[in-house]
Amino acid sequence: MSRTFVISLTRRQDRRDRITQAFQTHHIPFEFWDAIDGQTLEITPEILHRFRGNDFEEWGIIPANCYAANLTHLQLLERCSQDNCPYILFEDDTQVIHPIDFDWGKILSRTDLDIFWLCRQEPTILCYIVWPQGAQKILDHINSIPLDQGLDWKYLRMRERGLVNWDILPQEYFHQIPGYDSDIAPGGYQRIQD
């Protein structure tokens, strides 16, 4: 057993419609997880402390929207860590670019993994599978450091340092056009020069 969530802002019905159609076409059952909205997020001292030292604005990123997206993933990791099944997580701008011909059950039955990437782009939190023990490992690490970069970069650093047991699909099935129709970085992720 597993649960599949698509992280999506309630105000972005256009994206919800688009991913619903794509996932129905490819027979991917899911439920929406209402994302924290950076437009209404109260930026508390605790949030500022968690994301201290970031350079989001230098990259064209709207900080409140990035905070909200990262906090939403952390919410789901917290829930997964308390659940007894893996979670398959997608962001609502995931694009399916290849027919799904791999075996979900084979991946989900693995007991040696903390996290399995469904997207070959790096860094990314676009789509992945996380097991309860992996969610707890990630939370323990993330809660011990500042989020001076987004979770996508922190996940990549955890992989590089061997802090999680991970695997990845052998070919590209899911993709994202960085910055396209983004609430986080509307102009794309490019360092803004003075």
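The values are calculated or read from the model by the stated rules, or taken from the named source; none is laboratory data. Everything numeric here is computed off the predicted structure, so don't read it as measured data. Using ideal geometry, Cβ is built from the backbone for each residue, glycine included, and neighbour counts are taken over all protein chains shown. For the accessible areas, the whole protein counts, side chains as well, though only heavy atoms, and no ligand, DNA or RNA atoms are used. Shrake-Rupley method; radii C 1.70, N 1.55, O 1.52, S 1.80 Å.
With respect to Ile125, determine if the residue is open to solvent by 10 Å² or more (accessible area, probe 1.4 Å), part of a loop (DSSP other than H, G, I, E, B) and under 18 Å from Ile7 (Cα atoms). Spelling it out, Ile125 is indeed open to solvent by 10 Å² or more (accessible area, probe 1.4 Å), part of a loop (DSSP other than H, G, I, E, B) and under 18 Å from Ile7 (Cα atoms). If you take the residues in the range 1-46 that are in a loop (DSSP other than H, G, I, E, B) and among the hydrophobic types (A, V, I, L, M, F, W, C), which one is most open to solvent (accessible area, probe 1.4 Å)? Looking at residues that are in a loop (DSSP other than H, G, I, E, B) and among the hydrophobic types (A, V, I, L, M, F, W, C), I get Met1.
Number of residues in the range 47-66 that are within 14 Å of Leu147 (Cβ to Cβ), open to solvent by 40 Å² or more (accessible area, probe 1.4 Å) and part of a loop (DSSP other than H, G, I, E, B): the value is 4. The sole residue among Ile168, Ile88 that is over 14 Å from the mean Cα position of the chain (by Cα) and in contact (Cβ under 8 Å) with a residue 12 or more places away in the chain is Ile168. Restricting Leu139, Leu151, Leu89 to those that are touching a His at 6+ places or on another chain (Cβ under 6 Å) and of a type in the set (A, V, I, L, M) reduces the list to Leu151. Among the residues of the range 77-87, those identified as surrounded by fewer than 20 Cβ atoms within 10 Å (Cβ to Cβ), of a type outside the set (Asp, Glu) and part of a helix (DSSP H, G or I) are Arg79, Ser81, Gln82.
The rows are residues; the columns are (1) at positive phi; (2) more than 14 Å from the chain's Cα centre (by Cα); (3) at pLDDT 95 or above.
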site: Lys106; (1), (2), (3): no, yes, yes
site: Glu122; (1), (2), (3): no, no, no
site: Leu163; (1), (2), (3): no, yes, yes
site: Gly179; (1), (2), (3): yes, yes, no
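Matching residues to (1) surrounded by 12 or more Cβ atoms within 10 Å (Cβ to Cβ); (2) not in a helix (DSSP H, G or I):
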| site | (1), (2) |
| --- | --- |
| Gly105 | no, no |
| Thr111 | no, yes |
| Ile145 | no, yes |
| Leu156 | yes, no |
| Gly162 | no, yes |
| Ile184 | yes, yes |
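When you scan the range 17-38, do you find a residue that is within 29 Å of Phe102 (Cβ to Cβ), among the basic types (Lys, Arg) and out of contact with any Cys (no Cβ under 6 Å at 6 or more places or on another chain), even just one? Yes, there is a match, as at least one residue in the range 17-38 is within 29 Å of Phe102 (Cβ to Cβ), among the basic types (Lys, Arg) and out of contact with any Cys (no Cβ under 6 Å at 6 or more places or on another chain).
For the range 65-85, taking the residues that are more than 14 Å from the chain's Cα centre (by Cα) and modelled with pLDDT of 95 or more, the one that is farthest from Gln133 (Cα to Cα) is identified as Arg79.
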